[in-house]
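What follows is a short report on a single structure.
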Amino acid sequence: MNIFRLSGDLLHLASIFILIARLHQTKSCAGISLKTQYLYLLVFATRYLDLFLGFVSVYNTLMKIFFLASSGYIVYLMYSPLKASYDKSLDSFRVEYIIAFAAVVALAFPHKYSVVEVLWSFSIYLESLAIIPQLFQMTRTGEADNITSHYVFALGGYRALYMLNWFYRYYTEDNYVDYISWIAGIVQTALYGDFFYIYITRVLKGKSFKLP
Amino acid sequence: MDRASAHDEL
């Protein structure tokens, strides 16, 4: 564990709390992509199968359980109590392409050919692309409320911190490298590029998230 | 260390 990874994990945790608070406060899921939330649930379900296979640390186990439970809860909220506020026509990105792409890359380049390893690779590639429906919806409508942009910023920030973590691990842990995590992580962070720019130039200056 | 089984990150 290092400070970058811990900060990244905590920011990831914060992003989920921000989203749940937003859903509870506004009693609406307008502006939030259900498809992105479904993808995160699928990401955690396929990656954290290893909860049953091995033990890393209490921290690791508790975080995994939290991510699984919270993503299930968010999907439940959007699917059931808040369903009336969900506008399907705005959430129109075809996620089939993302899932198929992640599956093909996972099958082509896993660390090892076993069910758990291929699913792990799938979850890493899927996570790197899972934000696309959310960003797509924000681009389509051209705006987002502030708390939604804080949510997306926290998610992007978590990934940026993980990249610093990998640099740190490379130098401190005998050239540690996990190329799948690295490639997917770089792609994932890059996807947030435009968003970060608008967030910093507008939202942090007290304006709303609006595309020019 | 077997990199493939070292998934210690979240």
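We did not get these values from a lab; they are worked out from the coordinates using the rules stated. These figures come from a predicted structure and were not determined experimentally. With ideal geometry, Cβ positions are generated from the backbone for all residues, glycine too; neighbour counts draw on all protein chains shown.
Among the residues of the stretch A:72-122, those identified as of a type in the set (S, T, N, Q) and either more than 14 Å from chain B (Cβ to nearest Cβ) or buried (at least 19 other Cβ atoms within 10 Å of the Cβ) (or both) are A:S80, A:S85, A:S89, A:S92, A:S121. Screening the stretch A:142-212 for helices (runs of 4 or more DSSP H) wholly inside it with 3 or more residues that are touching a helix residue (DSSP H, G or I) at 6+ places or on another chain (Cβ under 9 Å) and within 14 Å of chain B (Cβ to nearest Cβ) returns the ranges A:146-172, A:179-191. A:L51 meets all of the listed conditions (1) farther than 20 Å from A:Y179 by Cα; (2) part of a helix (DSSP H, G or I); (3) within 11 Å of another protein chain (Cβ to nearest Cβ) but one, namely (3).
A quick yes/no check of all residues on (1) farther than 26 Å from A:H24 by Cβ; (2) assigned to a helix (DSSP H, G or I); (3) under 20 Å from the mean Cα position of the chain (by Cα); (4) touching a residue at least 60 places away in the same chain (Cβ under 8 Å):
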{"position": "A:F55", "(1), (2), (3), (4)": "yes, no, no, no"}
{"position": "A:T61", "(1), (2), (3), (4)": "yes, yes, yes, no"}
{"position": "A:I74", "(1), (2), (3), (4)": "no, yes, yes, no"}
{"position": "A:D87", "(1), (2), (3), (4)": "no, no, no, no"}
{"position": "A:L90", "(1), (2), (3), (4)": "no, no, yes, no"}
{"position": "A:Y97", "(1), (2), (3), (4)": "yes, yes, yes, no"}
{"position": "A:V105", "(1), (2), (3), (4)": "yes, yes, yes, no"}
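Among the conditions (1) surrounded by fewer than 17 Cβ atoms within 10 Å (Cβ to Cβ); (2) more than 14 Å from chain B (Cβ to nearest Cβ); (3) in a helix (DSSP H, G or I); (4) among the hydrophobic types (A, V, I, L, M, F, W, C), the only one that A:I18 does not satisfy is (1). Inspection of the stretch A:22-40 finds a residue satisfying the criterion of being outside any helix (DSSP H, G or I), β-branched (V, I, T) and surrounded by 15 or more Cβ atoms within 10 Å (Cβ to Cβ). Residues of the stretch A:45-71 that are surrounded by 14 or more Cβ atoms within 10 Å (Cβ to Cβ) and in contact with an Asp or Glu (Cβ under 9 Å, 6 or more places away or on another chain): A:R47, A:V56, A:N60, A:M63, A:K64.
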